[in-house]
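Presented below is the structure to which this report refers.
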Amino acid sequence: MKTLSTTAQDLDSSADLTKQAKSGLTKLAAWTIDRNISFLITSIGMIAMLLWAGSYKMTAPGAEGIIPLVSNNPLISWHFKLFGPYVGSDLIGLTEIIAALLILTGYWKPKAGIVGGLIASLMFFITSTMVITTPGAIVPVNGISYMSFLGLFLFKDIISLGVAFYLISYFGKKAILSENKG
């Protein structure tokens, strides 16, 4: 009896799933797998987002925009106390840019992609907690708590955390295969 993980391994080792797929829906899914669409979209999207957000944090409006987020979070508030909001924001932005460049480098050097994914995972774990710690992220409406636009903006970092872990696993698999070639 095949387990789910065995089935996933069989799929991963299949050279051309398009030939194995039978229905139109599975042929479409196989086409996206064969062309690595999920990796390309998530990695390019992550790289663009980190470069854009990182560079914006190095501007005065970018630094001022994250003050309430960072100042109210016990995991990172020490950062602004130690460096101040402008240098602190520059360091956060620089970290995002470095993570993006490492993920990009991972296309050729998978271990660099793993490191970039690890950095992004730590960043997105911290920012995901800001949904809970930032005043105004969750607001009551008629006695029910909802996420405000700020809360929804922060909540996307939970999805980004998942993408970062996906990139770690993708680059990890490539690095393992590279190490075992020989």
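Two decimals is fine: what is log10 I(q)/I(0) at q = 0.08, 0.10, 0.11, 0.19 Å⁻¹ for the chain, from a Debye sum with one equal scatterer on every Cα and no solvent? Calculated log10 I(q)/I(0) at the listed q: -0.35, -0.53, -0.62, -1.22. Taking amide H positions as modeled 1.01 Å from N, with prolines and chain starts lacking one, the residues under 5 Å from Gly106 and 5 or more places away or on another chain are Gly113.
Given R0 = 30 Å, the distance between the Cβ atoms of Leu94 and Ser178 translates into a calculated FRET efficiency of 0.55. Helices meeting the span-like rule in the chain (full DSSP H runs, Cα extent of at least 20 Å along the helix axis, mean Kyte-Doolittle score of 1.6 or higher): 37-56. Estimated from helices alone, the mean residue ellipticity of the chain at 222 nm is -25500 deg cm²/dmol (sum of -39500 (n - 2.57) over DSSP H runs with n ≥ 4, per residue). The mean sequence distance of close C-alpha pairs (under 8 Å, at least 6 residues apart), as a share of the length of the stretch 50-180, puts its relative contact order at 24 percent. When the chain is treated as a GNM with alpha-carbon contacts under 10 Å, the residue of Gly143, Gly113, Gly162 showing the greatest mean-square fluctuation is Gly143.
The magnitude of the dipole of the stretch 41-182, with charges of +1 and -1 set on the Cβ of Lys/Arg and Asp/Glu and taken from the Cα centre, is near 440 debye.
Pairs from the table (Lys109/Lys173; Lys27/Lys174; Lys111/Lys173; Lys111/Lys174; Lys22/Lys173) lying more than 18 angstrom apart at Cα are Lys27/Lys174; Lys22/Lys173.
When both the stretch 154-181 and the stretch 31-46 are represented by their alpha-carbon centers, they are found 12 Å apart.
Where a number appears in this text, it was derived from the coordinates with a stated rule and is not lab data. Bear in mind the structure is a predicted one, so any value in this text is a computation, not a measurement. Neighbour counts are summed over all protein chains in view; Cβ atoms, including those assigned to glycine, are modelled from backbone coordinates with ideal geometry.
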